[in-house]
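Nothing in this text is a laboratory measurement; each read-out follows from the coordinates by a stated rule. On a predicted model such as this, the values are computed, not experimentally measured, just so you know. Methodologically, a virtual Cβ is constructed for each residue, glycine included, from the backbone with ideal geometry; neighbour enumeration extends over all protein chains shown.
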Amino acid sequence: MMIVMTPDATEGEIAAVRSRLESVGRLHVLVMPGELTTAIGAIGDPEGVAELGLEGMRGVDRVIPISRPYKLASSELAHHEPTVLEIAGRLVGGGDTFCLIAGPCTVESREQTLTVASAVAAAGASMLRGGAFKPRTSPFAFKGLGAPGLEILDEAREQTGLPIVTELLDVQHAELVAEHADVIQIGARNMQNYGLLEVAGKLGKPVLLKRGLSSTVDELLMAADYVLKEGNEAVMLCERGIRTFETATRFTLDLSAIPWLKLHTHLPVIVDPSHASGDRRLVGPLSRAAAAVGADGLLVEVADDPEAALCDGPQQLSAGDFGDYARDVAAHAALTGKRLA
Ligand code: PEP
Ligand code: MN
């Protein structure tokens, strides 16, 4: 931490800050008088310094953190090598493979889910997505089939061999969802549901953590720390678009976040172009862009009959178009040296 004093801070005020820092014990404290202001460096134990409440002391102008606020998700601290997850034989992350997670927004029926599952499996998808418990903005909208939806997903896994990615919406369903899912999705609206993140971290299944609607990438990585600190190292991050002033698309896909995350974290980065755009005509171009800037995979919505879908119809690709889509994405993933997993 760096504590910057105001230009008119007195010697006594500087000494008071210094002695409060020294009271922590484990810190190296360095007072650096400048031409206009004095800065005080405090090296070691940033959490301990943050708890001192130095901002409120007389003569303190600002307190600037030097180390990054996320720890376990950071590629700077303990973990330099990219994390590679293996999910039922499919690799995610690591620089050589690209993972295509595809399927309906919501499990609506057995027939619908099995049809989409076999179409995406045939076109090279590595996992099947589908929500049984859906977060809906209106409490009166269709919220998914719940437990029977999970059983349909089991059947889709049996028929296609594809591992299942499905959302855990609420701690009360944690054990149930973990019994059926190969990957537990934490939705954008729950990214900062810290209790849920800790529960998800204890379930012994990989977690796909979606970025919150209005969350910074720092906040995303701190949310990932909540899962990682439970001893679960199998976390993938998902950029799914954020709220900006732009309303032409449903959200704004933050393409810059992809190479930024690849620089600052060891965790795999998955991109969801479907919820970001809200428009199937944009899903192909955004997917190709995400692959070209280094994403480790995509999470994309595909329906057998998008016009009849009960949820997110306008953004779902048609199962019949998925083969061409996957081929184009694979060509763009190849630009960064990745092959479909
Ligand atoms: C989803 O992927 O099913 C979903 C609801 O997405 P998000 O949480 O990103 O809105
Ligand atoms: Mn959806």
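Kirkwood radius for the stretch 2-64, taken over all pairs of different Cα atoms as the inverse mean of 1/r, rounds to 11.4 Å. Computed from backbone phi with θ = phi - 60° and the Karplus coefficients 6.51, -1.76 and 1.60, the 3J(HN,Hα) list for the stretch 273-287 is x, 6, 6, 4, 8, x, 8, 4, 5, 9, 5, x, x, 5, 5 Hz; x is used for glycine and proline. Taking amide H atoms as placed 1.01 Å from N in the peptide plane, the amide H of M236 lies under 5 Å from those of V207, L208, L209, each 5 or more residues away in sequence or on another chain. Using the Karplus relation 6.51 cos²θ - 1.76 cosθ + 1.60 with θ = phi - 60°, the per-residue 3J(HN,Hα) values for the stretch 288-297 come to 5, 5, 4, 5, 5, 8, x, 4, 8, x Hz, with x marking Gly and Pro. Taking amide H as placed 1.01 Å from N in the peptide plane, the amide H of R129 sits under 5 Å from that of A102, G103, V165, each at least 5 places away or on another chain.
I want the local charge near E179. Using Cβ-Cβ distances under 10 Å, sum +1 for each Lys or Arg and -1 for each Asp or Glu among the other residues. Spelling it out: positives minus negatives among the neighbours equals -1. Over all pairs of different C-alpha atoms, the stretch 88-237 has a mean inverse distance whose reciprocal, the Kirkwood radius, equals 15.6 Å.
The DSSP beta bridges internal to the chain are antiparallel in roughly 40% of cases.
What does the charge count around T97 come to, taking other residues whose C-beta lies under 9 Å from its C-beta (Lys +1, Arg +1, Asp -1, Glu -1)? Walk me through the numbers on the way to the answer.
Working: positive: R90, K338, R339; negative: D96, D296.
So the surrounding residues net to +1.
Between A122 and S256, residue separation times 0.36 nm minus the direct Cα-Cα distance comes to 45.1 nm. Measuring from a point 7 Å past the Cα of R62 along Cα-to-C-beta, which residues in the stretch 1-41 have an amide N at less than 19 Å? Label zone hits: 1-9, 32-41. Say a paramagnetic label sat at a point 7 Å from the Cα of Q159, along Cα to Cβ; which residues of the stretch 304-322 have their backbone N under 16 Å from it? Correct set: 304-305, 319-320. Label zone (I43, point 7 Å along Cα-to-C-beta; backbone nitrogen cut-off 18 Å) within the stretch 57-95: 64-68, 77. Do any of K143/K262; K229/K338; K202/K338; K205/K262; K205/K338; K71/K210 go past 27 Å between their Cα atoms, and which? Distance filter (> 27 Å) returns K143/K262; K229/K338; K202/K338.
Helical runs assigned H by DSSP (4 residues or longer) give the chain a calculated mean residue ellipticity at 222 nm of -9500 deg cm²/dmol, each run adding -39500 (n - 2.57) before division by the residue total.
Averaged over residues, the count of other Cβ atoms within 10 Å places the peptides 222-232, 112-122 in the sequence 112-122, 222-232, highest first. Near the amide H of I242, within less than 5 Å, lie the amide hydrogens of T252, L253, D254, all on another chain or at least 5 residues away, with H placed in the peptide plane. Taken along the Cα-to-beta-carbon direction at a fixed 7 Å, the label points for R243 and T10 span 4.6 nm.
Working note: Karplus 6.51/-1.76/1.60 with θ = phi - 60° gives the stretch 34-51 the couplings x, 5, 9, 9, 9, 10, 10, x, 10, 9, x, 6, x, 5, x, 5, 4, 6 Hz, where Gly and Pro are set to x. Quick check on the stretch 85-340: take the gyration tensor over C-alpha atoms, sort the square-rooted eigenvalues as a ≥ b ≥ c, and tell me if it's rounded (a/c under 1.5), prolate or oblate. Cα axes put the stretch 85-340 in the rounded bin. Each 5 Å bin from 0 upward holds the following percent of the Cα-Cα pairs of the stretch 60-174: 2, 11, 16, 15, 14, 12, 10, 8, 5, 3, 2, 1, 0, 0.
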